[in-house]
1. Please work out if residue A:47 is within 22 Å of residue B:614 (Cβ to Cβ) and touching a helix residue (DSSP H, G or I) at 6+ places or on another chain (Cβ under 6 Å).
2. Mind listing whichever residues of segment B:538-569 are surrounded by 13 or more Cβ atoms within 10 Å (Cβ to Cβ) and farther than 22 Å from residue B:287 by Cα?
3. For segment A:9-48, how many residues meet the condition of being in contact (Cβ under 8 Å) with a residue 40 or more places away in the chain, farther than 18 Å from residue B:630 by Cα and in a helix (DSSP H, G or I)?
4. Could you grab me the full set of residues in segment B:113-171 that are basic (Lys, Arg) and in contact (Cβ under 8 Å) with a residue 60 or more places away in the chain?
5. So if I check each of B:374, B:378, which one is out of contact with any helix residue (DSSP H, G or I) (no Cβ under 6 Å at 6 or more places or on another chain) and crowded, with 24+ Cβ neighbours inside 10 Å?
6. Considering only residues of segment A:49-79 that are polar (S, T, N, Q) and under 14 Å from the mean Cα position of the chain (by Cα), which is surrounded by the most Cβ atoms within 10 Å (Cβ to Cβ)?
7. Considering each residue of segment B:605-634, count those that are out of contact with any Ser or Thr (no Cβ under 9 Å at 6 or more places or on another chain) and either charged (D, E, K, R) or outside the structural domain of residue B:576 (by TED's automatic domain parsing) (or both), and give that number.
8. Identify the single condition in (1) within 19 Å of residue B:146 (Cβ to Cβ); (2) surrounded by fewer than 17 Cβ atoms within 10 Å (Cβ to Cβ); (3) aliphatic (A, V, I, L, M) that residue B:47 does not satisfy, given that it satisfies every other one.
Amino acid sequence: MIVPLEHILILAGLLFFLGMGGLLAWRANLIMMLVCIEVMLNAVMLVFVGGSARWGNADGQLFAIFIMALTSSEVSLALAMVVYLHRRKRTVDTDVFSEMKG
Amino acid sequence: MKLYLALILLLPLLGGLFNALLGRMLPRRLGEAIACGVIWGAFVCAVLVLLQFTGPTKIEYGSWLAAFDLQAPIAIYLDQLSLGLTLMITFVCGLIHLYSVGYMREEPDFARYFALLNIFVFAMLVLVLAGNLPLLYLGWEGVGFCSYALIGFWYREEKNATAGRKAFIVTRVGDTAFGIAIVWMFQISGSVSITQLNAMGSLIPAGIVTALGILLLIGAAGKSAQLPLSVWLPDAMAGPTPVSAQIHAATMVTAGVYLLARMFPLIGGSEAVRAAIALTGGVTAFYAAASACRQRDLKRILAYSTISQIGYMVLGVGVGALTAATFHLLTHAFFKALLFLAAGCVITALHHQQDIFRMGGLKERLPAVYWPFLAGALCLAGFPLTGGFFSKDAILGAVFERGGPLYAGLFALGLLTALLTAFYTFRMLLVVFHGEENLPHPHPDPPREGEGIHSALPSVMTVTLWPLALLGLLGGILNLPSYLGVHGLLDGFLGDMPGLMRPEPLSHGTEMILQLVAATVSLAGLGLARSRYAGSRRAAVLAAEEAGSKLSDFLLNGWRLDDLYRLLFIRPFERIARLCWKGVDEAGIDGALDGLARLTARLGRLPAAWSSGRVATSLFGLAGGVCVLLAYVAWLITG
C-alpha cells in the first residue's frame, strides 16, 4: 500500500472535525448542516476503506457501501423534512425550532 | 341511700347530656324544665339522704382506676361536711337554674347554657362527694372546664373569651400543684383514699406533710382565687350573671376551702402549713376588700368581695376552726348568690349597664330587687344578727383564740377587713339604690336609645331572691353562739365528724365582747359609707371618685397584680416565645430549610439550561462529549 494508514487516519480526522466544526458553526442553515454531516460520514467511510486496505479485509469496504446507501436514504428523508420544516416557519434556521424545550 | 346518692350525681349529668345532645331540637320550655327539674330532683334526693343519715359512710359503686397498688374506685364518702355542702349546692344551684330561665330568656343558645350549667353541678357534686383524690380531681377539673366554658359563654366577644382563658390558665397553675400532691401522697402511702390518707397523718414525716400542705394550699388558692392566684376571678365576671352567682360565688370557688377542710386531718398536723393557710386567707381577705372599695363595676365589686370572704374561710381553716369556716361557706353561698342574682336583675333592668356611677335611685323603681339586695348587703357587711355576722364572727373568734403575734395580727387584719367590707357593701348599696336617678354629672352625654329603666323583670328572677334572702338573714340559726344557751346546730352536726380538730370553745364573756366589737366595726363601716354616699356630700364624693387618684387607680386595678404578672411572667414568656418563633423557628429551622430548597433549585436550574430545546445546544453537548471521550481514550493510550 502506497499511502500509509496514519495519513489516511489524519486526513479522516481532519475531515471529521472539519465536518463537526461546520455542523456547529452553520446552525443558521439546516441544509448546510446536512452537508457537514455528509462530510463527517465520508471521513468515517475513509477510515473503513483505509483499514480494509491495510489489513486486506473486505469487511471495511462492505461497510463503506452500506454507509453510502444509508446516507443517500438519510439525505432523501432529511431533505423532505427540511422542505416540511421550511413550510412551517419559512426558515431553515435550526435555532428557531426549539419546541422540544424541556 | 345508695340509690339516692347515685341519683344526686346522675340526675344533673343526665340533664346535662340531654340538653347537650337533644336540647336544640326540642322546645325551649322542655329543655329549661329538664335542666331545673334534675337539680331540684337532686335536692330532694339530698334531703332524703339527710333524713337517713346516721354517720359517715363509704359507698362504692364500681371500679374506675385499678392498676397494681393504685385503687381509685367510683366511691362516695359521705360525712357531715360533704352532706351539708351537697344540700347547699343543690339548693342554691336549683334556685339559680330557675333564675337563669328568666335571665337567659332572650338567649338563642340556651341548650349549651343549661347543658354546661347542669354538668357543672354534676362535677361539683363529684368533687364534694368523692371518696378518693383522683375522683375528687376529676370533679375539680370538671368544674374548672365548665367555669371556663361559661365565662366565655358569649365567646364572640374577644374580651369574654380572653377572660375564660385567663381563668382556665391561672387555675391550672393551682391544679398542677394539687396533681403533684396527689401523686406524692400515693407514692408515700400507697393509697389515694381520703379517709386512709387522713388516718395516716401522724405516720408521714413532718417535712413532707408541710410540703404536701403547701402544694394543696396552692391548689386551693388557684380554685378559690386566693393570693397570689386571685387575678382570674374579677375578670371571670365576663360570663352571664347567673354563672357568676353559681360558679364564681356560691360553689366552685369554695372548692379550695372544701379541699383544705377535707384534708385538714392530714395537713393540719404541720404548724407551718396552718400558719401559711391562715396568712394566705387573712392577707387575701384584706387585699380584696381594699380593692373592692374603689371598683365601679357592680359585678367586680361582688367578685372582690367573694375573694375577700373566701379569704375569711381559708383563714378559718388555717386556725383549725372547720365548723366556723363551713358555717361561713354556707351563709356566704346564700347571701353572695343572692347579691349576684339581685345585681343581675339591676343589670338587666338597666340594659346591661354595670357601672355603678351610672346608676342611682333605683330603690323606688325596683323595690322587688332593693329589699333582697339590702338583706344580702346586711349579711355581707356582717350587720348584727344576720347570718353573715355570726359566721364571720365565729372565724374571727377562732383566730383570736389562737393567740400569738401572728394570729393577733391576723385578727386585727380581719377586723380591719370587716370594716372595709361594711364600707364597700354600703357604698355599693347606697350608690346604686339611693340618691337621685342616673347620677353623676361627669357624664353629660344624653342617655342612649333604649336606655333607662325597664321595670318588667320576669317574676321568676325576683321571686328566687326571697328564699336566699331569708336563708342569708336567718342563717345564724344554723349555728347560734353558745352563750345564748342553745347548742349550735352546725356545731352539733359537724362536731362528731371523725378527724376533726376542735378548737377550745371560747368563754362566753370573750365571745360576747368579740361579737360586740364585730358589731361595732360593722356599724362603723356602715356609718362611714352613709356619711360619704348619702346626704349632702354624695355628689362631691362621687365626682371625686370619678376623677380618680393614684391610690384609687391602684385599688381599682386590684393592687396592680395583673401588671405584676404581666411584667414577671407574661412579658418574659412572650419574649421567649418570640425568640423561639422568630429566632429559632422562622430564622433557624425554616431559614435552613428554605436555603436548602433555594440551593437545590438553583443547582437544578444549571442542567435545566441545557435542555433549551435548541438543536445547537444538543449538538454542542454531543461535540463536547465526543471530545471528552476522545481525550479519555488518548489518556488511556498514552498513560
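The values are calculated or read from the model by the stated rules, or taken from the named source; none is laboratory data. Keep in mind that this is a model prediction, so the values were computed, not measured. Reconstructed Cβ throughout: ideal geometry from the backbone, glycine too, with neighbour counts over all protein chains shown.
1. On the way: within 22 Å of residue B:614 (Cβ to Cβ): no; touching a helix residue (DSSP H, G or I) at 6+ places or on another chain (Cβ under 6 Å): yes.
Taking the combined requirement at face value, the residue does not satisfy it.
2. Of everything in segment B:538-569, those that are surrounded by 13 or more Cβ atoms within 10 Å (Cβ to Cβ) and farther than 22 Å from residue B:287 by Cα turn out to be B:538, B:539, B:541, B:542, B:543, B:544.
3. Count: 4.
4. Hits for segment B:113-171 are B:159, B:166.
5. B:378
6. Restricting to residues being polar (S, T, N, Q) and under 14 Å from the mean Cα position of the chain (by Cα), the top hit is A:71.
7. 4
8. (1)
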